[in-house]
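> What follows is a single structure, and I will ask about it in a moment.
The values are calculated or read from the model by the stated rules, or taken from the named source; none is laboratory data. The structure presented is a predicted model; accordingly, all values stated were derived computationally and were not measured. Ideal geometry is used to build each Cβ from the backbone, glycine not excepted, and the neighbour counts take in all protein chains shown. Heavy atoms of the whole protein, side chains included, go into the accessibility calculation; ligands, DNA and RNA do not. Shrake-Rupley method; radii C 1.70, N 1.55, O 1.52, S 1.80 Å.
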Amino acid sequence: MPIDSNMPLFGNTFSPKKTPPRRSASLSNLHTLDRSTREIELGLEYGAPVMNIGGQSLKFEDGQWISDSGGSVSAKEVQKLKKRNLQLEEENNLLRLKIDILLDMLSETTAESHLMAKELEEMREENQTKRKK
């Protein structure tokens, strides 16, 4: 049976139905209210984000995660740890400075030692040439 190119396989050409016009975006006037009024009207007061990690509750306030009062670390202990951390950082900086000074001293001593060894070798060569004459 020959294929007729004039006859479409599944009927007439594609013609989608016209979609009905959309309704208005919202029948509610809640979108016209400001945020604080919506929070009061709808009870959308979320509060600060809170999470629990390792049995300790943390709250996000003013751009920082802060331990809730129920945490295992007191504010006094945190202050003590910060002070100790600062002391250790200062001690670490001092020790780095001492290491740099010691390395400079070692470099200087090594350079002097090589210079003295070279001078000693030159003196030995001079003495050997004088003895041969």
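> Looking only at the stretch 24-37, count every residue that is within 38 Å of the chain's Cα centre (by Cα), in a helix (DSSP H, G or I) and at pLDDT 70 or above and tell me the total.
Residues meeting the conditions: 3.
> Give the stretch 88-97 a look and list any residue that's open to solvent by 90 Å² or more (accessible area, probe 1.4 Å) and either aromatic (Phe, Trp, Tyr) or within 25 Å of the chain's Cα centre (by Cα) (or both), or say none.
GLU89, GLU90, ASN93
> Answer yes or no: is there a residue in the stretch 98-115 that is surrounded by 10 or more Cβ atoms within 10 Å (Cβ to Cβ), small (Gly, Ala, Ser) and within 30 Å of ARG35 (Cβ to Cβ).
no
> Can you confirm whether the stretch 65-86 contains a residue that is among the acidic types (Asp, Glu) and at pLDDT 95 or above?
No.
> Under 6 Å between Cβ atoms, which residue pairs at least 6 apart in sequence (or on different chains) link something in the stretch 121-133 that is modelled with pLDDT under 90 with a partner that is not in a helix (DSSP H, G or I)?
The qualifying pairs do not exist here.
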